[in-house]
Amino acid sequence: MREWWQWSARQATDELGFAVVGVGRFGTAVCRELISNDADVLAIDSSERAIEELRQVEPSIEARVVDCTDEESMRAAGVLEMGTVVVGISEPIEASITTTLIAKDSEGSRVRQVIARATSDLHEKMLKRVGADRVVFPSRQQGERLGLELVRPNLIERLELDNKTCIDEIKVPEIFVGRSLRDLNLRKNYLVNVLAAGPIKGLTVNPPARFVLKKSHVLVVMGLIEDIQKLPKT
């Protein structure tokens, strides 16, 4: 079930919130996924039209028109106060590189990680050289997935069965470690069903109630997306 989307829990969640710079198709998808999971999101773009279009689909979002290549404008907008910055700009390439550099190297910046969008291998290389912690390539689906990973750091893989139901493979949350499935009673307490549990390379399908979860284990659960989202995230 795992793909290249695996992301470190240590890097993924940030109580300082998220800034998304550039709200085209990719950036908007990231914003919407973050907001759907109740994350603190600041969206910025140099285009007033792009910001207005985002507000039409997400009326409650904090969104501002900002020159992302200007350090003082970025600081005044509050971008440098966010823990994670997603640079969704595609063109011009110089703008995405400058934005990444500002987020990572500005004096007093509280940004812990920058995830930047690239359009080519060379673009990826340049972004990494100026400090991007991770580089992704554009698509709406990848934007949705990135947003989901940022708010669900223990998520390994998701299989959506329809628009309401899914199967998630997750790292065992710390609060579950050392407890049996009987004690946790996930069906009653979280309305999700446990399909498998155990080490990544040795999952036990339909594990017994006495099965005790360890820190190195993963859980495969099925249920409504809204219910699975209520599971502990770390």
Charge dipole (debye, nearest 20) of the chain; +1 at Cβ of Lys and Arg, -1 at Cβ of Asp and Glu
1460 debye
Taking SER47, SER60, SER109 and counting other C-beta atoms within 10 Å, the order from fewest to most
SER60, SER47, SER109
Specify the residue with the greatest mean-square fluctuation among ARG129, ARG145, ARG75, computed from a Gaussian network of the chain linking alpha-carbon atoms under 10 Å apart.
ARG129
Given labels modelled 7 Å from the Cα in the Cβ direction, how far is it in nm from GLN142 to VAL57?
1.7 nm
Counting only C-alpha contacts under 8 Å and six or more residues apart, can you give the relative contact order of the chain as a whole percent?
19 percent
Would you grab the residues whose amide H sits under 5 Å from the one on GLU157? Only those 5+ places off in sequence or on another chain, please, with H modelled 1.01 Å from N.
GLU169
Taking amide H positions as placed in the peptide plane 1.01 Å from N, state which residues far from GLY17 in sequence (5 or more) or on other chains have amide H under 5 Å from it.
GLY83, THR84
Which residue, ASN185, ASN163, ASN206, has the most motion in a Gaussian network model of the chain that connects Cα atoms within less than 10 Å?
ASN163
Within a Gaussian network of the chain (alpha carbon springs, distance under 10 Å), most fluctuating of VAL135, VAL192, VAL205
VAL205
Would you check the chain for Lys pairs whose C-alpha atoms are within less than 18 Å, ignoring same-chain pairs closer than 8 in sequence, and give me the count?
13
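Computed from the coordinates by the stated procedures, all read-outs in this text should not be read as laboratory data. What you see is a predicted model; the values in this text were computed from it and never measured. Every residue, glycine among them, receives a Cβ derived from its backbone with ideal geometry; neighbour counts consider all protein chains shown.
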